[in-house]
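Below you'll find the structure, written out as structure tokens, and then a few comments.
Only the coordinates and a few stated rules stand behind these numbers; no lab work does. Bear in mind the structure is a predicted one, so any value in this text is a computation, not a measurement. All Cβ positions, even for glycine, are placed from backbone atoms using ideal geometry, and neighbour counts span all protein chains on display.
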Amino acid sequence: MRDANFIAENNAKHMWHPMSHAGEMRANPPKVIAKADGVHITDDQGHRVVDGVGGLWNVNLGYSCAPVKAAIAAQLDDLPYYSTFRGTTNPQVIELSYELAQFFAEDGLTRSFFTSGGSDSVEVALRLARQYHKLRGQPERVKFFALKKGYHGTHFGGASVNGNANFRRAYEPLLPGVTHLPAPWDYRNPWGLTDGAEIARRIAQDFEDEIAFQGADTIAAFIMEPVLGAGGVIVPHESLMPLMRKICDKHGILLIADEVITAFGRTGAWSGSRLWGVQPDLMCTAKAITNGYFPFGAVMIHEKLVETFETSKSAMAGVFSGYTYSGHPVGAAAALAALSEMKRLDVASNAAARGAEMLAGLQGLKDKHALVGDARGKGLMCCIELVSDRETKAPASKEAVAKVYEAAYSHGAMVRTSATNVIISPPLILSSADVQTIISALDAGLTAAA
Ligand code: PMP
């Protein structure tokens with residue numbers, strides 16, 4: 001390992017960072033995170049803070065999860081890699097598929113298809129949805145519906161259903177046949193409504209209108225995050241997902257739950273679909289499945305789809321999608337250990353309890369600081385949205401957002417800023433004291449930016 005001067009000198013010089021402007025990163029290089037333990041991260045200057053980001057919504061069990069580390073190390077010794085393409089498999093991925101079928105039994109999901117991450121999981125789910133209809137003799141069902149403000153990764157399929165212009169414009173043209181419905185948001189929506197139930201009804205009505213206009217028999221699937229994450233932690237009214245489920249059922253449209261963030265406890269329930277009492281047809285997972293220690297994902301498949309795929313004699317019935325690292329034995333071993341730890345620690349319950357404390361703290365910050373236009377969240381996915389004027393909801397300046405971020409960091413918490421949103425998604429093993437550290441660091445941040 002080269003010395004500290006070398007690291008500082010070469011920071012952002014020879015790489016382009018995801019979701020960033022390469023020139024800006026050269027001019028203003030990123031913090032170098034050198035170590036981590038528990039729910040804390042430490043930078044190369046030795047500054048140690050609570051990680052309010054949880055890696056990237058994924059290190060749910062924190063940085064010192066010994067069973068996951070041990071499982072990875074042992075697996076590297078036993079079998080560091082072998083393919084699961086037709087003809088071979090490995091013991092770890094067999095056991096994992098069994099465990100996931102138990103874990104997601106309540107969601108009706110009985111089969112898994114393994115991937116290398118969230119974007120892959122979304123891509124596979126979109127493909128399986130189209131294929132399902134083709135196998136059932138409805139080849140015209142190829143279109144997708146999604147929500148504005150939704151985030152579904154960056155592959156071409158995922159970017160096409162993505163509901164944020166930032167991830168679309170530079171890469172257009174994207175997939176044709178995608179329709180976006182309004183975001184289920186009571187702070188900003190096209191109708192100026194604040195009643196979540198009414199907003200949900202309007203979105204459902206828009207969905208019905210579009211289905212009537214386009215023809216149900218042209219639509220493959222509707223995809224949504226049970227709680228919208230990267231788009232700014234938008235918590236739909238509890239009636240939205242059940243309403244959308246009902247409409248999908250009525251018209252033979254599949255429901256894809258993108259649970260790359262919400263699966264495995266983050267919202268306070270073990271899955272976001274379960275939180276809203278809905279069974280999806282396909283569920284995209286990744287991130288926390290290995291506690292973020294190994295790139296891995298799983299598309300979970302509902303029992304309803306199983307017969308079509310497993311008994312079809314069609315030449316198209318094979319799943320001709322998949323990745324070199326699908327079912328990677330090291331990832332599977334990590335996931336087995338992570339699943340066992342998340343259940344042992346009951347992180348979903350802790351996410352619910354600590355999340356309630358976090359949201360109360362954020363609402364307190366809103367009462368105190370005019371810069372906070374809205375505070376929202378569910379479980380341990382929370383957000384404050386910064387505004388320069390509460391009446392008009394005009395966005396806060398880039399400088400104000402940067403000040404909040406830097407001052408919060410120097411006062412003990414890493415948070416994530418995205419446009420004018422300050423997003424909080426800490427490890428689910430957070431303590432009440434850690435919650436207060438994040439709130440007081442944000443308080444200092446908002447004071448500095450006032
Ligand atoms: N879907 C959702 C809901 C996500 O939040 C993310 C990542 N934040 C993705 C898909 C893409 O996952 P990945 O970055 O692992 O490709």
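Table for the structure above
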item: Per-selection Kirkwood Rh - the stretch 368-428 (Cα, Å, 1 d.p.); result: 11.9 Å
item: Cα gyration tensor category, rounded, prolate or oblate, for the stretch 1-49 with a/c compared to 1.5; result: oblate
item: C-alpha center-to-center spacing [the stretch 290-313, the stretch 135-205] in angstrom; result: 23 Å
item: Whole-Å distance, taken between Cα centres, linking the stretch 335-365 and the stretch 1-67; result: 23 Å
item: Potential extension, Asn11-Lys31 segment - 0.36 nm per residue separation minus Cα distance; result: 6.3 nm
item: Separation in nanometres of the label points that stand 7 Å from Cα toward Cβ, at Ser388 and Thr194; result: 2.4 nm
item: Spread of Cα-to-Cα distances over 5 Å intervals beginning at zero, given as percent, for the stretch 106-155; result: 4, 17, 20, 23, 24, 12, 1
item: Förster radius 22 Å - calculated FRET efficiency between Thr324 and Asp78 (Cβ-Cβ, nearest 0.05); result: 0.70
item: The stretch 251-356: C-alpha gyration tensor shape, a/c 1.5 cut-off, then a/b vs b/c; result: oblate
item: The stretch 68-345: relative contact order as a whole-number percent, Cα under 8 Å and 6+ apart; result: 30 percent
item: Förster-model FRET efficiency, 30 Å R0, Tyr171 and Ala105, C-beta, rounded to 0.05; result: 0.20
item: Cβ-placed point charges (K, R +1; D, E -1), dipole of the chain about Cα centre in debye, nearest 20; result: 520 debye
item: Rough spin-label spacing in nm, given labels placed 7 Å along Cα→Cβ, for Lys246 and Ser349; result: 3.3 nm
item: Projected label distance in nm at Ala4 and Ile94, using a 7 Å step from Cα toward the beta-carbon; result: 5.1 nm
item: At q = 0.06 Å⁻¹, base-10 log of I(q)/I(0) for the chain (Debye sum, equal scatterers on each alpha carbon); result: -0.25
item: Potential extension, Lys304-Ala70 segment - 0.36 nm per residue separation minus Cα distance; result: 80.6 nm
item: Aspartates and glutamates whose Cα lies under 17 Å from that of Lys366, excluding same-chain neighbours fewer than 8 positions away; result: Asp186, Glu357, Asp374, Glu385, Asp389, Glu391, Asp443
item: Prolate/oblate/rounded call for the stretch 146-211, Cα gyration tensor, a/c under 1.5 rounded; result: prolate
item: Nearest-0.05 FRET efficiency for Gln214 and Gln363, computed from C-beta distance (R0 41 Å); result: 0.50
item: Which listed pairs, of Lys134/Lys250; Lys31/Lys378; Lys35/Lys398, have C-alpha distances above 26 Å, in listed order; result: Lys31/Lys378; Lys35/Lys398
